[in-house]
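Trainee: Attaching a single structure in structure tokens format; questions to follow.
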Amino acid sequence: MSTIASDGTDLGHDTHDAHDDHDHKPEGFLDRWVFTTNHKDIGTLYLVFALLMFFIGGAMAMVIRAELFMPGMQLVRPDFFNQMTTMHALIMVFGAVMPAWVGFANWMIPLQVGAPDMALPRMNNFSFWILPFAFTMLLSTLFMDSGGPAAGWTLYPPLSLQTGSSFAFVVFAVHMMGISSIMGAINIIATIFNMRAPGMTLLRMPLFVWTWLITAFLLIAAMPVLAGAVTMLLTDHFFGTSFFNAAGGGDPVMFQHIFWFFGHPEVYIMILPAFGVVSEILPTFSRKPLFGYAAMVYATASIAFLSFIVWAHHMFTVGMPLEGELFFMYATMLIAVPTGVKVFNWVSTMWKGSMTFETPMLFAIGFVVLFTIGGLSGLMLAITAADLQYHDTYFVVAHFHYVLVPGAVFTLMAGAYYWLPKWTGNMYSERWGKIHFWCSAIFVNVLFFPQHYLGLAGMPRRIPDYSPQFADFNMWSSIGGFAFGASQLIFVGVIIHCVWFSKKKATAQVWEGAKGLEWTVPSPAPHHTFTKPPVVDDTMVAHADEAH
Amino acid sequence: MSEQNPTAPKRGHGRLVGKLLVVAVAMFGFGVFAMPPLYDTFCEITGLGQAGIKTAGEVEESAAPRQVKVRFDANTNSKLDWEFRPVQSSMMVTTGEATTALYFAGNPSERDSAGMATFNVSPPKAARYFVKTECFCFTRQELAAGEEREMPVYFFLQPDLPEDIEELTLSYTFFRNEDDDVAQNAP
């Protein structure tokens, strides 16, 4: 076993743990998974749940792309199409990306800060197990007489209030997701603040821990605002209030302000942990410390702060005073500065490094390139005068899919490949991992790049039919969509192979250039780790050059 | 398990979690209780949103009821062989008062047919003060062969109708509803 731990006794203890590991695992399915308080098992539950939701949301995207393959109405009714666009977004945002990041946090944060478990293990169990109920409720609306929500994931009134009685299920599902996220965030903050191993000072923490710490604060500040917004929709729909009803003295535009006050931090909730994962992977496979560690931390914090004062750039067209539009335009463009710092630092980390291109590295580099494209179209959208043209077109769809799919989803894949050997004890198939990457990277561009042109040509979002002039680009986009969707099945194959069939055992360090506490424990990580806290010093952290 | 970690005093979690919960609850309160009044204030200062819309009470106070002459006009598109005319050619209408006017429509042909009426108000600037509460033009109308019927329109004139409008015309044109009346001709 290769070791980089400086404390020999610690490592011996962990090795001992690994040997009689089975003694500590609860027996039986119920005790092991349903009643579990173990951060690794809960992390696994989150990740499996997120992958399932990724495929359910993906199936909905396939319905959307199939209908849009040709102009005209072929496969589904317009109302069902609208339900698909709405549910696809809700499932992917709240069911796939967010739980996947919480899964990573559960698995990796205690391992990376040298804690034996999360700070509040029982609450951890609860925050996972309300999710299956929330999504069962949300998905069940598709089978109700009044149908699922069809007003877009933004749930703008008065359109969203035309949803039938199934609307109550949507609102309560959102409430439950919110409670789950807030509990998860509290748990993560408590773990990071209270459970770090001796010597693990804040500025020695791996960047994934830092980005999640900041994300957790965003969650605590933003999710309750969404809960408030949907609660007001609920009372407007069922109890005769008029928060958003102009006839009763309310204002539907106010909903947009409240929603996006949540909604903009939400997009950083989905992408900040991605920044963290990339900042872990690039140094490992470049065999160089992360360039500008402290700058990365401060850049993340500034992005988080700015995310709370830019929300109205989602609604430039509602009619704001000129001063308001200018403020939100400049504040939005300001975000490009810390984000630019990050991209610069990632590129500088790779500069003159001894790079190798294993699957996690490929996904991380793919992220840096493609996320930057999404960032650039974001800057175009930030220009108020231009946004009036782009608003609610496929250009917006292309923009946010570039930052979410090759952005958040690619880094989820990168992180999964990076830590899979640590989780399972086996190496995955590098050959199939690379095939997965190249298929994903090619088809994600075939899927989303043409949508830029569609948007600039004026094709609106959320429509089941379109003018024949948009036909060719839509066909390309649909072909890319089907191929991208199919490529993700490779990922499932790689995981199944890695967990149950791979013969190649992983070492403790797994990757030659990997540094950090998680690589000091055996692979697979024993059920209980760091029951005796390790003592951390500069030699054990990835950014040793900057850690003091 | 956490008790085993000397860096994690049990009480520390409780206090930190308590503080974080307070933040979460405060943000919920911010969304529900602080945003609406803040938004109202913002709208009042900037004159945006609902602040520009007058309530019913304010409108009634601002203008006294008066009499206006309303003319009625009827046309039929050449593809629809109906007889269509207003029952009254004009009437005096008090602003703010609900009023009913009648049109007569008949189908002298030998086949059932359906029509849809479009409407027009002139002068154009009077249009936004002319409010139809119920009208035959809202829905498709069907007349069997030889059927005749009176078609009502319920409307009122908003009290803040500009002073210089003393006369206005409501005009309808009936078009054949081609999508639907083919159904009955099908075998």
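The values are calculated or read from the model by the stated rules, or taken from the named source; none is laboratory data. These figures come from a predicted structure and were not determined experimentally. Note that each Cβ is placed from the backbone with ideal geometry, even for glycine, and that neighbours are counted across all protein chains shown. Please note that ligands, DNA and RNA were not included when accessible areas were found on the heavy atoms of the full protein model with its side chains. Shrake-Rupley method; radii C 1.70, N 1.55, O 1.52, S 1.80 Å.
Trainee: For segment A:62-87, which positions are closer than 17 Å to A:A483 by Cβ and outside any helix (DSSP H, G or I)?
Mentor: Selection gives A:L68, A:F69.
Trainee: Regarding A:T215, is this residue without any contact (Cβ under 8 Å) to a residue 60 or more places away in the chain and more than 8 Å from every other protein chain (Cβ to nearest Cβ)?
Mentor: Against the criterion (without any contact (Cβ under 8 Å) to a residue 60 or more places away in the chain and more than 8 Å from every other protein chain (Cβ to nearest Cβ)), A:T215 does not qualify.
Trainee: Within segment A:101-115, track down each residue that is open to solvent by less than 10 Å² (accessible area, probe 1.4 Å) and in a helix (DSSP H, G or I).
Mentor: Within segment A:101-115, A:W101, A:G103, A:F104, A:A105, A:N106, A:M108, A:I109, A:P110, A:L111, A:Q112, A:V113 qualify.
Trainee: If you go through segment A:229-250, how many residues are over 15 Å from A:S165 (Cβ atoms) and part of a helix (DSSP H, G or I)?
Mentor: Number of matching residues: 7.
Trainee: Could you please give the count of residues in segment B:105-117 that are open to solvent by 30 Å² or more (accessible area, probe 1.4 Å) and either out of contact with any helix residue (DSSP H, G or I) (no Cβ under 7 Å at 6 or more places or on another chain) or not assigned by TED's automatic domain parsing to the domain that holds B:L143 (or both)?
Mentor: 4
Trainee: Of everything in segment A:161-186 that's polar (S, T, N, Q) and in a helix (DSSP H, G or I), which residue is nearest to the chain's Cα centre (by Cα)?
Mentor: Selected residue: A:S181.
Trainee: So which residues in segment A:493-535 are open to solvent by 20 Å² or more (accessible area, probe 1.4 Å), of a type in the set (V, I, T) and either without any contact (Cβ under 8 Å) to a residue 12 or more places away in the chain or more than 14 Å from chain B (Cβ to nearest Cβ) (or both)?
Mentor: A:I495, A:I496, A:V499, A:T507, A:V510
Trainee: From the list A:F484, A:F443, A:F473, exactly one residue is open to solvent by 30 Å² or more (accessible area, probe 1.4 Å), within 23 Å of A:V93 (Cα to Cα) and in a helix (DSSP H, G or I). Which is it?
Mentor: The conditions single out A:F443.
Trainee: Going by the structure shown, is A:L420 open to solvent by less than 30 Å² (accessible area, probe 1.4 Å) and touching a Cys at 6+ places or on another chain (Cβ under 7 Å)?
Mentor: yes
Trainee: Now a separate question. Let me spell it out: the conditions are (1) polar (S, T, N, Q); (2) over 26 Å from A:R461 (Cα atoms); (3) open to solvent by 20 Å² or more (accessible area, probe 1.4 Å), and A:Q389 meets all of them except one. Which number is the exception?
Mentor: (2)
Trainee: Same structure, new question: State all residues of segment A:313-350 that are hydroxyl-bearing (S, T, Y), touching a residue at least 12 places away in the same chain (Cβ under 8 Å) and over 19 Å from A:L290 (Cα atoms); if no residue qualifies, say none.
Mentor: Selection gives A:T317, A:T332.
Trainee: Taking the condition free of Cβ contacts under 8 Å to residues at least 12 places away in the same chain and either assigned to a helix (DSSP H, G or I) or charged (D, E, K, R) (or both), does A:G378 pass?
Mentor: When the stated conditions are applied, A:G378 does not pass them.
Trainee: Out of the residues in segment A:314-353 meeting the condition of being closer than 19 Å to A:H264 by Cβ and assigned to a loop (DSSP other than H, G, I, E, B), tell me which one is farthest from the chain's Cα centre (by Cα).
Mentor: Ranking the qualifying residues of segment A:314-353, first place goes to A:M320.
Trainee: Kindly provide the set of residues from segment A:354-374 that are open to solvent by 30 Å² or more (accessible area, probe 1.4 Å) and part of a helix (DSSP H, G or I), ordered by number.
Mentor: A:I365, A:V369, A:T372, A:I373
Trainee: If you don't mind, there's one more thing I want to ask. Specify the residue that is least open to solvent (accessible area, probe 1.4 Å); the eligible residues are those in segment A:142-154 that are in contact (Cβ under 8 Å) with a residue 12 or more places away in the chain and over 20 Å from A:F255 (Cβ atoms).
Mentor: Among those that are in contact (Cβ under 8 Å) with a residue 12 or more places away in the chain and over 20 Å from A:F255 (Cβ atoms), it is A:G147.
Trainee: Tell me, which residue of segment B:144-172 that is free of Cβ contacts under 8 Å to residues at least 40 places away in the same chain and under 14 Å from B:T95 (Cα atoms) is most open to solvent (accessible area, probe 1.4 Å)?
Mentor: Top of the filtered list is B:E163.
Trainee: Being in contact (Cβ under 8 Å) with a residue 60 or more places away in the chain and open to solvent by less than 10 Å² (accessible area, probe 1.4 Å) narrows it down to one of A:M183, A:M223, A:M232, A:M177, so name that one.
Mentor: Every option except A:M177 fails the conditions.
Trainee: Report whether or not A:M205 is more than 9 Å from every other protein chain (Cβ to nearest Cβ), open to solvent by less than 10 Å² (accessible area, probe 1.4 Å) and either of a type in the set (A, V, I, L, M) or more than 27 Å from A:F261 (Cβ to Cβ) (or both).
Mentor: Yes.
Trainee: Which of the residues belonging to segment A:187-202 are open to solvent by less than 20 Å² (accessible area, probe 1.4 Å), among the aliphatic types (A, V, I, L, M) and not in a loop (DSSP other than H, G, I, E, B)?
Mentor: A:I188, A:I189, A:A190, A:I192
Trainee: Could you tell me which residue of segment A:116-144 is nearest to the other protein chains (Cβ to nearest Cβ), considering only residues that are within 24 Å of A:T531 (Cα to Cα) and assigned to a helix (DSSP H, G or I)?
Mentor: A:P121
Trainee: Tally up the residues in segment B:5-55 that are more than 9 Å from chain A (Cβ to nearest Cβ), more than 29 Å from the chain's Cα centre (by Cα) and at pLDDT below 80, please.
Mentor: Final tally of qualifying residues: 2.
Trainee: Regarding segment A:241-250, can at least one residue be identified that is on the phi < 0 side of the Ramachandran plot, more than 11 Å from chain B (Cβ to nearest Cβ) and in contact (Cβ under 8 Å) with a residue 40 or more places away in the chain?
Mentor: No: zero hits.
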